[in-house]
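Here's the structure, in structure tokens; my notes come after.
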Amino acid sequence: MTEGQKNRLLGTLVGIEQIRGQIARAARDGQSPAQSGRALTPLPQTAWQEIEQALERLYNHAHAVAEQFAGEAVRERQAREPLGATLYWVSFLARRLDEEVLADLSPERMAQFGKLSPEARTALDEAIAQMRGDIDAVREQIGALRTGG
């Protein structure tokens, strides 16, 4: 097979993994793929198990073909990145929580949608401070893991 064909096999595996995860979150956990939608009603356990088994078979078939024709590339893709890569991503996402998500709760930004009462401003400030404390705890844990502590 050509490199392009091998890449297509790997891309198929990635696509199956991603969509399989979305199906699991929707069917098993009740999380909407829309992320902003209302919670879904999870499927009954037995129905979910049947779907999960079919998805596992689907993945195994795709994996077998990829292994047959692009085995080395499959093994390279399955190799784990070092801990530093995980810490980088957790740190990056924690920063996004702070700078993008929590920042939207600031009284200044919320006031763009209408006047806030003094009580609402105080409650938002306090909630943001508490949540930023939680983010700081995540950052401290990341720092400890980076230094081996």
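At-a-glance table
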{"quantity": "Phe113-Ile135 FRET efficiency (beta carbon distance; Förster radius 22 Å; 0.05 resolution)", "calculated": "0.35"}
{"quantity": "Diffusion constant of segment 39-95 at 25 °C, which comes from Stokes-Einstein with the Kirkwood Cα-pair radius and 0.890 mPa s, µm²/s", "calculated": "167"}
{"quantity": "Value at 222 nm in deg cm²/dmol, rounded to 500, when DSSP H runs of n ≥ 4 in the chain each add -39,500 (n - 2.57)", "calculated": "-24500 deg cm²/dmol"}
{"quantity": "Segment 132-148 - phi-based ³J(HN,Hα) in whole Hz, Karplus 6.51/-1.76/1.60, Gly and Pro as x", "calculated": "5, x, 5, 5, 4, 5, 4, 4, 5, 5, 4, x, 5, 5, 5, 8, x"}
{"quantity": "Tilt relative to the chain, helix 45-78 - C-alpha long axis, 0 to 90 degrees, to 10", "calculated": "70"}
{"quantity": "Qualifying GluC sites (Glu not before Pro) for segment 1-92 [loop in DSSP, other Cβ within 10 Å: at most 11]", "calculated": "none"}
{"quantity": "Cα-based helix-to-principal-axis angle, 83-96 vs the chain, degrees rounded to 10", "calculated": "40"}
{"quantity": "Whole-number D in µm²/s for the chain (Stokes-Einstein; Kirkwood sum over Cα pairs; 25 °C, 0.890 mPa s)", "calculated": "125"}
{"quantity": "Of all accessible heavy-atom area on segment 31-149, the percent that carbon and sulfur account for (1.4 Å)", "calculated": "55"}
{"quantity": "Where labels lie 7 Å past Cα in the beta-carbon direction, separation of Thr46 and Arg25 in nm", "calculated": "2.9"}
{"quantity": "Cleavage-rule hits, trypsin sites (Lys or Arg not before Pro), segment 32-91, DSSP coil, Cβ neighbours within 10 Å at most 11", "calculated": "Arg38, Arg80"}
{"quantity": "Amide N of segment 69-92 lying under 11 Å from the label point, which is placed 7 angstrom from the Cα of Thr12 along Cα→Cβ", "calculated": "69-70"}
{"quantity": "Neighbourhood net charge (15 Å Cβ-Cβ; Lys/Arg +1, Asp/Glu -1) for Ser36", "calculated": "0"}
{"quantity": "Heavy-atom surface of the chain, accessible at 1.4 Å and reported per residue (Å²)", "calculated": "73"}
{"quantity": "Those residues of segment 123-140 whose amide nitrogen sits under 14 Å from the label point placed on Ser91, 7 Å along Cα→Cβ", "calculated": "138-140"}
{"quantity": "Degrees between helix 3-27 axis and first principal axis of the chain (Cα, 0 to 90, nearest 10)", "calculated": "50"}
{"quantity": "Percentage of interatomic Cα-Cα distances in segment 1-79 larger than 14 Å", "calculated": "66"}
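The values are calculated or read from the model by the stated rules, or taken from the named source; none is laboratory data. Everything numeric in this text was worked out from a predicted model, so none of it was measured. With ideal geometry, Cβ positions are generated from the backbone for all residues, glycine too; neighbour counts draw on all protein chains shown. These accessible areas exclude ligands, DNA and RNA; they are computed on the full protein's heavy atoms, side chains included. Shrake-Rupley method; radii C 1.70, N 1.55, O 1.52, S 1.80 Å.
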